[in-house]
Amino acid sequence: MNNNQTTRPPQSSRDEQEIAGFASHAGSWWDPVGPFAPLHQLNPARIRIMSDILARHYERSLADHHPFQGLALADVGCGGGLVTEPFARLGFSVSGLDASQESINIARNHATEAGLTINYQVGAPEETLLDLATNDVVLALEVIEHVADMEVFIAGLAQRLSPGGLLIMSTINRTLKSLVFAKGAAEYVLRWVPPGTHHWKKFVRPSELSEMLRSAGLRVVDIQGMTYDMATGGWNVSSDVSVNYVLSATPA
Amino acid sequence: MNKTDITCDVVIVGGGLIGTTLACGLAAYGVDVAVVDRITPENIISPDFDGRASAIAHTSKVALEGIGLWPIIAGETQPIDEIRVSDRPSLMFLHYDHADLGDNPLGHMAENRLLRTGLVTLMHQTQGLTVLAPAEITEVARTEGRAAVALDDGRTINCQLVAACDGRASATRTQAGIGVTGWTYKQQAIVTTIDHERSHDGIAHERFLSSGPFAILPLKGGHRSSLVWTEKSALVGSFMALDDGAFLDEVAERVGGFLGDVSLVGPRFCHPLGLQVAERYMDTRLVLVGDAAHSIHPIAGQGLNLGLRDVAALMDILVDAKRYGLDLAHSAGLERYQRWRRADNLLMAGMTDMINRLFSNDIAPVRMARDLGLAAVNSMPPLKRTFMRHAMGQVGDLPKLMRGEALG
């Protein structure tokens, strides 16, 4: 990983402290009751939302066997591959990128065990030496709130996107509700994620994210909220974007 | 990897009614399945294998329509238009008439052999379904990343999820270290089939005799019925040992004269009765389905219906997961299955246990109290309708398949 540091551009999205934090928990990525348990709970809902968005965008039917065959997808900030693997099953030719070597190791082993072919790479999207061509779909889920430089990161994402492609991002809004729920409740009360996982000040409002995307030559086409249902312990799609939201954009 | 190894989405352990129904249902929606059983389907449908008949609740029928089994067997099923519950020698009885609840019959009777034969036909017609039988499982290895089922012929089936449909004594459940709680009833069910002179008119009878409930269940054609005779375990051996003539006399005595002359058709079977519930319905890449998860007293004819509800609920979850590329064993899905089915199954287990205890009893005050209870239920239409809805399977949060909706 250190030899990457010499080649990386002067401005980088890498936040070494954040990367070290995720690396220390990397062994738990696939543990449904471990530190990433909330991601396991959230995962089916966000996969559903994105699959529906992508099926509409590419006019594919999810009832088909490998509905997204022939399309390339890059999952940036893929961690252990919780989202990368489902999209590989849906027929995408899939790459996964993460700044943490430890996470990529876990992701590679898991994909092998699951019998899936995924091109996993260590790095950040703006870095040029990656074996990562342009993609029909680029995902950056629950990652922008962890990067050092959001503009550099988004420019890197835009660069990985082919014309007519779709970028999907999800993150946490910076509202009083998200401070209480995502930061306070999830980290300290429910103990869903280790305290210190999130820095509320780094949460991004949809308007701010849209502006950064516009500067990078992208146009926002859709935004949806995700809300947690205390009664069922599941997540639902909603128009309420005050805590978690999913935003999609295309090259303008 | 051995070149004869198999890869599929779900391995179903056990090719019984629940296992094969689940297999046909999942395969119909594009989930690749392999069914493993010790016994070949041809042996399972022989007349000596299973002499029981099952009451198919209305919602179960809807589910069987959804997977395509119902059209194959419908012509051989018998609608249940009425259920008469009586406590001899008392004259008080409870009378359920389907007309109280609308046009649908209360359920249908189907001989298990008919269901099994229909399922074999359906399996042959279904793509994406592999039957591995006769085969013995030597190991079920389940890790966070995948599951592998090893067979005694040296082959291994790699899959995402193992569904244990291997019945009350599930070896898969035991191997997974999932405990059970329950008790035996010190009763056994003697099951046999009779022909009778007069028509049953689509009426099912349940008699509460001193040894336990005695059910006369109408079969196709009007002149054939399935009997479920609950008897104290200590006496079962002597009844099973009787020659046909003496056994028929015992049967005729319990049926009473209302069906005219009766004769025995086919062999007699006996099944020990108990209540058993698994502590959990899931483990890493494993789910328990049907009797492997719960087995109950047959008094209300609900065992198969509960198993079919498990199948329908699991199909809801797995077909959705397959459609969205999710790991079929993803924890949120398996937890939902467990939450969904466990409460419903426990409720039914408790109800059947209570009814059996109340009615397998010959103490005069208890008998009088239950007679008054039966009469009271009969005179209170709302309570009676609730019981009937339970019998028809229309209570609780129904899976899509049981609401007649398409999945995926």
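The values are calculated or read from the model by the stated rules, or taken from the named source; none is laboratory data. Computed from a predicted structure; not experimentally measured. Note that we place each Cβ from the backbone using ideal geometry, even for glycine, and neighbour counts take in every protein chain shown.
In region A:89-106, the qualifying residues are those that are of a type in the set (A, V, I, L, M) and within 11 Å of chain B (Cβ to nearest Cβ), and the one that is nearest to B:D9 (Cα to Cα) is A:L90.
Per-residue answers, yes or no, for (1) under 18 Å from the mean Cα position of the chain (by Cα); (2) of a type in the set (D, E); (3) buried (at least 18 other Cβ atoms within 10 Å of the Cβ):
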| residue | (1), (2), (3) |
| --- | --- |
| A:Q11 | no, no, no |
| A:Q17 | no, no, no |
| A:H25 | yes, no, yes |
| A:F36 | yes, no, yes |
| A:L39 | yes, no, yes |
| A:A45 | yes, no, yes |
| A:E59 | no, yes, no |
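Residue count for region B:101-132 under the criterion of being more than 22 Å from the chain's Cα centre (by Cα) and not charged (D, E, K, R): the result is 10. Taken together, A:R48, A:R89 contain a single residue that is touching a Phe, Trp or Tyr at 6+ places or on another chain (Cβ under 6 Å) and under 24 Å from B:Y29 (Cβ atoms), which is A:R48.
Yes/no matrix, rows are residues, columns are (1) of a type in the set (A, V, I, L, M); (2) more than 29 Å from B:I157 (Cα to Cα); (3) surrounded by fewer than 24 Cβ atoms within 10 Å (Cβ to Cβ):
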position: B:A28; (1), (2), (3): yes, no, yes
position: B:I39; (1), (2), (3): yes, no, yes
position: B:A53; (1), (2), (3): yes, yes, no
position: B:A63; (1), (2), (3): yes, no, no
position: B:G66; (1), (2), (3): no, no, yes
position: B:P71; (1), (2), (3): no, yes, yes
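Pairing residues of region B:177-196 that are more than 19 Å from B:V262 (Cβ to Cβ) with residues that are among the β-branched types (V, I, T) and surrounded by fewer than 21 Cβ atoms within 10 Å (Cβ to Cβ), at Cβ distances under 7 Å and at least 6 apart in sequence or on separate chains, gives B:V180/B:V277; B:T181/B:V277; B:G182/B:V277; B:Q188/B:V236.
Any idea how many residues of region B:208-244 are of a type in the set (S, T, N, Q) and within 30 Å of B:A74 (Cβ to Cβ)? Number of matching residues: 3. A count restricted to region A:104-132 and to residues that are within 17 Å of A:P86 (Cα to Cα) and of a type outside the set (A, V, I, L, M) stands at 9. When B:A110 is tested against (1) outside any loop (DSSP other than H, G, I, E, B); (2) over 22 Å from B:H205 (Cα atoms), only condition (2) is not met. When restricted to residues that are in a strand (DSSP E or B), small (G, A, S) and at pLDDT 95 or above, region B:241-277 contains 1. Kindly evaluate A:T84 against the criterion of being polar (S, T, N, Q), within 22 Å of A:H25 (Cβ to Cβ) and touching an Asp or Glu at 6+ places or on another chain (Cβ under 6 Å). Considered against the rule, which asks whether it is polar (S, T, N, Q), within 22 Å of A:H25 (Cβ to Cβ) and touching an Asp or Glu at 6+ places or on another chain (Cβ under 6 Å), A:T84 comes out as yes.
Determine which member of the set B:Q276, B:Q302 is touching a Lys or Arg at 6+ places or on another chain (Cβ under 7 Å) and either within 30 Å of B:E144 (Cα to Cα) or of a type in the set (S, T, N, Q) (or both).
Numbers: B:Q302 fails: touching a Lys or Arg at 6+ places or on another chain (Cβ under 7 Å).
So the residue among B:Q276, B:Q302 that is touching a Lys or Arg at 6+ places or on another chain (Cβ under 7 Å) and either within 30 Å of B:E144 (Cα to Cα) or of a type in the set (S, T, N, Q) (or both) is B:Q276.
Restricting region B:158-184 to residues that are touching a Leu at 6+ places or on another chain (Cβ under 7 Å) and closer than 13 Å to B:V10 by Cα leaves a set whose member that is farthest from the other protein chains (Cβ to nearest Cβ) is B:C165. Can you confirm whether B:A343 is within 14 Å of chain A (Cβ to nearest Cβ) and at pLDDT 90 or above? Spelling it out, it is not the case that B:A343 is within 14 Å of chain A (Cβ to nearest Cβ) and at pLDDT 90 or above. Only one of the numbered conditions (1) at pLDDT below 95; (2) surrounded by fewer than 17 Cβ atoms within 10 Å (Cβ to Cβ); (3) at negative phi is not met by B:K186, and that is (3). Counting only helices (runs of 4 or more DSSP H) that fall entirely inside region B:20-77 and contain at least 3 residues that are farther than 28 Å from B:G266 by Cβ, of a type outside the set (S, T, Y) and within 14 Å of another protein chain (Cβ to nearest Cβ), no element qualifies.
Here are some residues: A:V220, A:V204, A:V241. Which one is of a type in the set (A, V, I, L, M, F, W, C), modelled with pLDDT of 90 or more and either part of a strand (DSSP E or B) or surrounded by 15 or more Cβ atoms within 10 Å (Cβ to Cβ) (or both)?
Among A:V220, A:V204, A:V241, only A:V220 is of a type in the set (A, V, I, L, M, F, W, C), modelled with pLDDT of 90 or more and either part of a strand (DSSP E or B) or surrounded by 15 or more Cβ atoms within 10 Å (Cβ to Cβ) (or both).
Of everything in region B:199-239 that's of a type in the set (S, T, Y) and assigned to a loop (DSSP other than H, G, I, E, B), which residue is surrounded by the most Cβ atoms within 10 Å (Cβ to Cβ)? Filtering region B:199-239 for residues that are of a type in the set (S, T, Y) and assigned to a loop (DSSP other than H, G, I, E, B), the one surrounded by the most Cβ atoms within 10 Å (Cβ to Cβ) comes out as B:S211.
Restricted to region B:1-19, and to residues there that are outside any loop (DSSP other than H, G, I, E, B), among the aliphatic types (A, V, I, L, M) and out of contact with any helix residue (DSSP H, G or I) (no Cβ under 9 Å at 6 or more places or on another chain), the residue that is nearest to A:T112 (Cα to Cα) is B:I6. For the criterion of being surrounded by 22 or more Cβ atoms within 10 Å (Cβ to Cβ) and either within 14 Å of chain A (Cβ to nearest Cβ) or not in a strand (DSSP E or B) (or both), B:D320 fails. Of all the residues in region A:62-88, those that are at the interface with another protein chain (Cβ under 10 Å from one of its Cβ atoms) and among the small types (G, A, S) number 2. Going through (1) surrounded by 15 or more Cβ atoms within 10 Å (Cβ to Cβ); (2) closer than 19 Å to A:W235 by Cβ one by one, A:D52 falls short only on (1).
Residues satisfying the criterion are present in region B:167-176 (criterion: buried (at least 22 other Cβ atoms within 10 Å of the Cβ) and of a type in the set (K, R)).
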